[in-house]
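These notes are about the structure you will find just below.
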Amino acid sequence: MKRQGLDATDIRILSAVQQHGQLSKTRLAELVNLSPTPCWARLVRLKGAGFIRGYHAELALERIIDFTQVVVTISLNRHRKADFDRFEAYVRALDEVIDCIATGGGMDYVMKVATPDLASFQTLMDGMLSADLAIDRYMTYIATRQIKTNRPNLAKLIARSAR
């Protein structure tokens, strides 16, 4: 599905930025196969329209510090909008929660948490349980190693949704 009037060149620009991060005007133009000035103008327009939220570096955290990563599934005991809003606001304020998605089905949320050790993780969970977040139950899964982490392939997603 095409959204917001994006054309194939816009998609190539977004894909290049997603894969490589911030690029020089010349390098982006080379990757997209467009001359630098119009390419840069399109990038500025895409940023202004909110298609690019920001840039970041992917760090090899395991080479910097020892840490514990835990995947947590959470089910709330009440399913009112106020309960979801309260839980989500609480989670957004926790630096240790590095990823959280709302899900349909048996669990309401799946979170990825990074803490210095298991004791710190348990302290975080104790705080969540003590807060009025309507948590019914949670399950934890200790991550032993990272197999893959990646961003979705934008070009493939768009190609498949156009079918």
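Can you name the residue in the stretch 1-40 that is crowded, with 17+ Cβ neighbours inside 10 Å and among the charged types (D, E, K, R) and is also nearest to Pro152 (Cα to Cα) among such residues? Checked the stretch 1-40; the qualifying residue nearest to Pro152 (Cα to Cα) is Arg12. The set of residues in the stretch 115-163 being free of Cβ contacts under 8 Å to residues at least 24 places away in the same chain, part of a helix (DSSP H, G or I) and not assigned by TED's automatic domain parsing to the domain that holds Asp66 consists of Lys156, Leu157, Ala159, Arg160.
A single entry from Arg42, Arg78 fulfils the requirement of being among the charged types (D, E, K, R), farther than 26 Å from Ala143 by Cα and in a loop (DSSP other than H, G, I, E, B): Arg78. The number of residues in the stretch 72-82 that are surrounded by 10 or more Cβ atoms within 10 Å (Cβ to Cβ) and out of contact with any Asp or Glu (no Cβ under 9 Å at 6 or more places or on another chain) comes to 2.
The values are calculated or read from the model by the stated rules, or taken from the named source; none is laboratory data. Since the model is a prediction, treat every value here as computed from it, not as a measurement. Cβ coordinates were reconstructed from backbone atoms using ideal geometry, including for glycine residues, and neighbour counts include every protein chain displayed.
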